[in-house]
Amino acid sequence: MIAVRPNLYQELAQELAPIFESRADEWDKTRTYCWDNIPHLVDAGLMGMTLPREYGGLGASFHDCVLVIEEIAKACTLTARIVVEANMGGISAIMAYGSKFQKDYCAPIVLAGDKPAICITEPEAGSAATEMQTTARKYGDRYILNGTKHWITGRGVSKLHLVFARVMDDQNNDLGIGGFIVHRDLSQDINPKGFEIRRREHTMGLCGMPEAELHFNDVEIDEAFALEPKSGYHKGFAELMTAYNSQRVGAGTVAMGIAAGALDRAKNYLKSREQFGRPLSEFQGLQWMIADMDTSVHASRLMLHEAARSAETSPTGFPDMNLAARAKLFASEAAIKTVSDALQMFGARGYGDQEPLERMYRDVRMFTIGGGTAQVLRNQIAGQALGMKTPQTRTGYLDQAQTSPFRVVGE
Ligand code: FAD
């Protein structure tokens, strides 16, 4: 493992980027996971770089990680997403809220190259994640997991799965939502009994990353693998989801990194391609587009860095929820526009597969959907801005209307 000073993480990623870039189109076209990139990430210490040193990580901050993710996303979106989930997703929740046994168990798996899967979404519970129906029933020292998750990133390639489920006691009382660590042994291709990976989604972008439907049919989990939040299951989902704020910053950074990569390519192309006897870079219409793209990448980067840095002073150790939501919302929407404009500058060449722009355009489209949609993030930001709750269920909304101090008398 290389010991690096924080200002060198970014340089390390820059050194690796050309390796990742060289095969980015291949993973996309063949829809295969970039297994060959994993040893590079492991050797550089980037898988689990944010894990504490006592567990074998580099003890790097989320801000360090964001610097790395941007450099890799410019080159290969797929590899950048792996770095996000090996530092900021399920593993960050386990390292923050798990028992010593769980940390000792999970950290080495990630440091050796695993991209853990975080399993929240269900067919009937997408944006309304707390309406999940997957259950974990307690029997003695075991939990029995039943339910279906879908759109889970890492189908068949992830060993560790952090599965969120509704915890029921033996009297069938609903105790709240907790996380359960399910380990799939890839070396022997063995799933825990009752854990089934079904269909792979056919995605428009990020084609090398398998998305899947997972089924849990009476899967037995030893209680040692139950991630019970400190505040108990009742309020626990909110606590565990603080870890998700880091994943949002990571996802926003991948989007920003794709946009930054597209902008670099567009700037070079404008200087090399001539029309009407002049380089394209001399046309003011295109110069102004570059100015807008440059400004939006810069603004995204500042917001993402601010959100990442907020973890350093926050009581949870994770980025501030509102800063993370704002940064992901802004960066993901801005990136779609920037990549689209970059593609435009290449004309027909951008639309074809001679250039990576068409892949980047398909890849970047995901980031206003996965990890909290743009609309759900707006609900959260609006609630914070207005200083009020923004319940989305019909009953929640009606209850709030009844008690709101702003209610019009006689309504
Ligand atoms: P819905 O919730 O059905 O929403 C449909 C539309 O309605 C959206 O535009 C949404 O913004 C809008 N909408 C819904 N409610 C409101 C509201 N109250 N106000 C305004 N608009 C609203 N999930 C995981 O658990 N783990 C993963 O690893 C994972 N990876 C993913 C990878 C990809 C590539 C994608 C695309 C998704 C992934 N997801 C994952 C699922 C993702 O988190 C969900 O898609 C997302 O939460 C939205 O849920 P949904 O698709 O069911 O849309």
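The values are calculated or read from the model by the stated rules, or taken from the named source; none is laboratory data. Because the structure is a prediction, the values reported are computed rather than measured. Don't worry about glycine lacking a Cβ; one is built from the backbone with ideal geometry, like all the others, and counts go over all protein chains shown.
Just one residue in the set GLY261, GLY277 is buried (at least 23 other Cβ atoms within 10 Å of the Cβ) and modelled with pLDDT of 95 or more; that residue is GLY261.
The rows are residues; the columns are (1) assigned by TED's automatic domain parsing to the domain that holds GLY261; (2) in contact (Cβ under 8 Å) with a residue 60 or more places away in the chain; (3) part of a helix (DSSP H, G or I).
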{"site": "TRP288", "(1), (2), (3)": "yes, no, yes"}
{"site": "SER296", "(1), (2), (3)": "yes, no, yes"}
{"site": "LEU302", "(1), (2), (3)": "yes, no, yes"}
{"site": "ALA308", "(1), (2), (3)": "yes, yes, yes"}
{"site": "GLY317", "(1), (2), (3)": "yes, yes, no"}
{"site": "ARG326", "(1), (2), (3)": "yes, no, yes"}
{"site": "ALA335", "(1), (2), (3)": "yes, yes, yes"}
{"site": "VAL339", "(1), (2), (3)": "yes, yes, yes"}
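Within the stretch 228-235, can one find any residue that is closer than 17 Å to MET132 by Cβ, at pLDDT below 95 and within 16 Å of the ligand (Cβ to nearest atom)? Looking through the stretch 228-235, none of the residues is closer than 17 Å to MET132 by Cβ, at pLDDT below 95 and within 16 Å of the ligand (Cβ to nearest atom). Scanning the stretch 310-349 for residues that are modelled with pLDDT under 95 and buried (at least 17 other Cβ atoms within 10 Å of the Cβ) returns no hits.
Would you mind stating whether ASN245 is in a strand (DSSP E or B), on the phi < 0 side of the Ramachandran plot, touching a residue at least 40 places away in the same chain (Cβ under 8 Å) and not aliphatic (A, V, I, L, M)? Taking the combined requirement at face value, the residue does not satisfy it. Among the residues of the stretch 269-287, the ones that are of a type in the set (Phe, Trp, Tyr) and over 12 Å from MET345 (Cα atoms) come to 1 in all.
Would the stretch 119-133 turn up any residue that is out of contact with any strand residue (DSSP E or B) (no Cβ under 7 Å at 6 or more places or on another chain) and more than 16 Å from the ligand (Cβ to nearest atom)? Checked the stretch 119-133: no residue is out of contact with any strand residue (DSSP E or B) (no Cβ under 7 Å at 6 or more places or on another chain) and more than 16 Å from the ligand (Cβ to nearest atom). Of the residues VAL157, VAL182, which single one is buried (at least 21 other Cβ atoms within 10 Å of the Cβ), β-branched (Val, Ile, Thr), in a loop (DSSP other than H, G, I, E, B) and within 15 Å of the ligand (Cβ to nearest atom)? Residue meeting the stated conditions: VAL157. Just to be sure, is ARG359 within 15 Å of the ligand (Cβ to nearest atom), buried (at least 21 other Cβ atoms within 10 Å of the Cβ) and in the same structural domain as ARG265 (by TED's automatic domain parsing)? So ARG359 passes the test. Taking the stretch 196-218 as the range and being touching a Lys or Arg at 6+ places or on another chain (Cβ under 7 Å) and either surrounded by fewer than 16 Cβ atoms within 10 Å (Cβ to Cβ) or part of a strand (DSSP E or B) (or both) as the test, the residues that pass are ILE197, ARG200, MET204, GLU211, ALA212, GLU213, LEU214, HIS215. Looking at LEU67, LEU58, LEU16, just one residue is within 20 Å of VAL249 (Cα to Cα), crowded, with 21+ Cβ neighbours inside 10 Å, touching a helix residue (DSSP H, G or I) at 6+ places or on another chain (Cβ under 7 Å) and in contact (Cβ under 8 Å) with a residue 40 or more places away in the chain, and that residue is LEU67. Summed over the stretch 160-179, the residues that are closer than 20 Å to TYR244 by Cβ and either outside any strand (DSSP E or B) or among the aromatic types (Phe, Trp, Tyr) (or both) give a count of 1.
Of all residues in the stretch 190-201, those that are in the same structural domain as LYS159 (by TED's automatic domain parsing) and in contact (Cβ under 8 Å) with a residue 24 or more places away in the chain have Cβ atoms under 6 Å from Cβ atoms of residues that are in a loop (DSSP other than H, G, I, E, B) and not charged (D, E, K, R), 6 or more apart or on another chain, in ILE197/GLY156; ARG200/PRO210. Among the residues making up the stretch 95-146, those that are part of a strand (DSSP E or B), of a type outside the set (A, V, I, L, M, F, W, C) and over 21 Å from the mean Cα position of the chain (by Cα) are THR135, ARG137, LYS138, TYR139, ARG142, TYR143, ASN146. Assessment of the stretch 370-390 against the conditions (surrounded by 20 or more Cβ atoms within 10 Å (Cβ to Cβ) and outside any loop (DSSP other than H, G, I, E, B)) yields at least one matching residue.
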